[in-house]
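Participant: Below you will find the structure I want to go over with you.
The values are calculated or read from the model by the stated rules, or taken from the named source; none is laboratory data. From a predicted model like this one, the values you see are computed outputs, not experimental measurements. Quick reminder, even Gly has a Cβ in these numbers, built from the backbone with ideal geometry, and neighbours come from all protein chains shown.
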Amino acid sequence: MTKIFVSRRIPAAGIDILERAGVEVRVGQEREDEGVAPAVMRDGIAWCDVLLSLLTEPVDRALLALNPNLRGVANYAVGFNNIDVTSATALGLPVSNTPDVLTDTSADLTWALLLGAARRIPEAHNYMRDGHYKLWGPNLLLGADVSPGGNGKRKVLGVIGFGRIGTAVAKRAMGFDMDVIAYDPHARAQIDASGIAKWSELDNLLATSDFVCLHPLLTKETHHLINEAALKRMKPTAILVNVSRGPVVDEAALVRALRERWIAGAALDVFEHEPAMAEGLAECENAVIVPHIASASVGTRDKMATMAAENALAHLRGGRAPNPVNSDVYVSEAYRARVARFQDNKGK
């Protein structure tokens, strides 16, 4: 029987697909609130034919090289920076992800965080829960308008990273009569042609935006893209929203910015050293913080599980996965040798 090692529990929709296909499934995670020990990952990869991994587990060359009969890696995520894709390709291993499915769900959460921070919803919620509401007053929990609002002035949304999610976030701004500017050095033509955003250099975007939403990929160039200098360029009334990757923001600098009111507030779904937060962040009342739930709707998580399972089965059968991230691997000698090896083993 062919075997798939799933590093952590995924929704039943994906497991059901694998089991209906007659695959033996082993899940590495024992408890939902605990990760997977390195020894469990090593044992799982050595045992399986295909690895179904999550973004929380690093998959480096040493792990991949443990099993010469491994047929592929199916990542349950859009991002795949947890996997050494270069080494996987060199070893003849196809890697897949779950793209597109979480675009709208992530864009929706971006707006939920933006609106929550602007209108101080978490503070207001806690104010009620803690029994502080005794009398309405005109100065109670004053927040910021997102639409033109009382002063009639159109607000500026700055979007950094204009891929699928960044574009979806920009589209939603139309309903709030906002002006949208965007920065993405790899998508200037796309921004200019979008009809919903105008290109802006990064410094100008930071200086003029009322809300700055982060949606870039995590690369060497975007690591700490939002640092102390960037935060000091922003308006003191501005709000920063990060639904991309934690290390895009220098979190220690952000805590200083929030404490000293360089900016009005921040809303974060991801953290630099997740699940840990920078010291002091949890105590910042002008920060809205949630535990990496951008894709956390039932429909989206089920679809991701289904896609990951279908990718895993394709790897298992030696066919092209529906969503490869290193499609060049399929024409490599290393891949052909790997497929020939497991086909020979199957015939024995």
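Participant: With 172, 164 as the choices, which residue is in contact (Cβ under 8 Å) with a residue 40 or more places away in the chain, surrounded by 15 or more Cβ atoms within 10 Å (Cβ to Cβ), under 30 Å from residue 306 (Cβ atoms) and more than 17 Å from the chain's Cα centre (by Cα)?
Facilitator: Working: 164 fails: more than 17 Å from the chain's Cα centre (by Cα).
Testing whether each residue is in contact (Cβ under 8 Å) with a residue 40 or more places away in the chain, surrounded by 15 or more Cβ atoms within 10 Å (Cβ to Cβ), under 30 Å from residue 306 (Cβ atoms) and more than 17 Å from the chain's Cα centre (by Cα) leaves just 172.
Participant: Exactly one of (1) of a type outside the set (Val, Ile, Thr); (2) within 18 Å of residue 288 (Cβ to Cβ); (3) within 26 Å of the chain's Cα centre (by Cα) is unmet by residue 183. Its number?
Facilitator: Tallying (1) of a type outside the set (Val, Ile, Thr); (2) within 18 Å of residue 288 (Cβ to Cβ); (3) within 26 Å of the chain's Cα centre (by Cα), residue 183 fails exactly one: (2).
Participant: If I go through region 193-224 residue by residue, how many of them are surrounded by fewer than 21 Cβ atoms within 10 Å (Cβ to Cβ) and either within 18 Å of residue 115 (Cα to Cα) or aliphatic (A, V, I, L, M) (or both)?
Facilitator: Kept after step one, since they are surrounded by fewer than 21 Cβ atoms within 10 Å (Cβ to Cβ), are these residues of region 193-224: 193-196, 198-199, 201-204, 207-208, 217-224.
Add one more test, that the residue is either within 18 Å of residue 115 (Cα to Cα) or aliphatic (A, V, I, L, M) (or both), and what stays is 193, 196, 202, 207, 217-218.
So the answer is 6.
Participant: I need a count of the residues in region 75-96 that are buried (at least 23 other Cβ atoms within 10 Å of the Cβ) and of a type in the set (S, T, N, Q).
Facilitator: The qualifying residues number 2.
Participant: Could you list, in sequence order, all residues of region 143-161 that are touching a residue at least 12 places away in the same chain (Cβ under 8 Å) and either part of a helix (DSSP H, G or I) or among the aliphatic types (A, V, I, L, M) (or both)?
Facilitator: Start the filter on region 143-161 by keeping residues that are touching a residue at least 12 places away in the same chain (Cβ under 8 Å), which leaves 143-148, 154-161.
Correct list: 144, 146, 156, 157, 159, 160.
Participant: Now, a different point. Every residue in region 302-330 that is among the basic types (Lys, Arg) and under 18 Å from residue 11 (Cβ atoms), please. Please lay out each step first, then the result.
Facilitator: First, pick out the residues of region 302-330 that are among the basic types (Lys, Arg): 303, 317, 320.
Correct list: 303 only.
Participant: So for region 161-181 (the condition being farther than 18 Å from residue 243 by Cα and of a type in the set (S, T, N, Q)), does at least one residue qualify? Before you say what the answer is, go through the steps one by one.
Facilitator: Here is the first cut: in region 161-181, the residues farther than 18 Å from residue 243 by Cα are 174-179.
Add one more test, that the residue is of a type in the set (S, T, N, Q), and what stays is none.
No, that holds for no residue.
Participant: Scan 253, 264, 238 and give me the residue that is surrounded by fewer than 20 Cβ atoms within 10 Å (Cβ to Cβ) and over 14 Å from the mean Cα position of the chain (by Cα). Walk me through it before giving the result.
Facilitator: Working: 264 fails: surrounded by fewer than 20 Cβ atoms within 10 Å (Cβ to Cβ); 238 fails: surrounded by fewer than 20 Cβ atoms within 10 Å (Cβ to Cβ).
Every option except 253 fails the conditions.
Participant: Right, another one. Please verify whether region 262-279 includes one or more residues that are of a type outside the set (Gly, Ala, Ser) and assigned to a helix (DSSP H, G or I). Talk me through it step by step, then tell me what you get.
Facilitator: Start the filter on region 262-279 by keeping residues that are of a type outside the set (Gly, Ala, Ser), which leaves 262-263, 268-275, 277, 279.
Those still in the list that are assigned to a helix (DSSP H, G or I) too: none.
No, the conditions are met nowhere in region 262-279.
Participant: Which ones in region 60-85 are of a type in the set (A, V, I, L, M) and at pLDDT below 95? Spell out how you get there, then give the answer.
Facilitator: Step one: filter region 60-85 for residues of a type in the set (A, V, I, L, M), giving 62-66, 70, 73-74, 77-78, 83, 85.
Across region 60-85, the qualifying residues are 77, 78.
Conditions tested, residue by residue: (1) free of Cβ contacts under 8 Å to residues at least 60 places away in the same chain; (2) in contact with a strand residue (DSSP E or B) (Cβ under 8 Å, 6 or more places away or on another chain); (3) of a type in the set (A, V, I, L, M); (4) assigned to a loop (DSSP other than H, G, I, E, B).
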| position | (1), (2), (3), (4) |
| --- | --- |
| 224 | yes, yes, no, yes |
| 231 | yes, yes, yes, no |
| 241 | no, yes, yes, no |
| 255 | yes, no, yes, no |
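Participant: Another one. Which number in (1) at pLDDT below 95; (2) surrounded by fewer than 21 Cβ atoms within 10 Å (Cβ to Cβ) marks the one condition that residue 57 misses?
Facilitator: (2)
Participant: Out of all the residues in region 20-50, which are buried (at least 16 other Cβ atoms within 10 Å of the Cβ) and in a loop (DSSP other than H, G, I, E, B)?
Facilitator: Result: 21, 23, 28, 29, 35, 36, 48, 49.
Participant: Scan region 51-62 and give yes if some residue there is outside the structural domain of residue 219 (by TED's automatic domain parsing), assigned to a strand (DSSP E or B) and among the hydroxyl-bearing types (Ser, Thr, Tyr), otherwise no.
Facilitator: Yes - at least one qualifying residue is present in region 51-62.
Participant: Can you say whether residue 292 is surrounded by 16 or more Cβ atoms within 10 Å (Cβ to Cβ) and free of Cβ contacts under 8 Å to residues at least 24 places away in the same chain, as far as the supplied structure shows? Reasoning before the result, please.
Facilitator: On the way: surrounded by 16 or more Cβ atoms within 10 Å (Cβ to Cβ): yes; free of Cβ contacts under 8 Å to residues at least 24 places away in the same chain: yes.
In short, yes.
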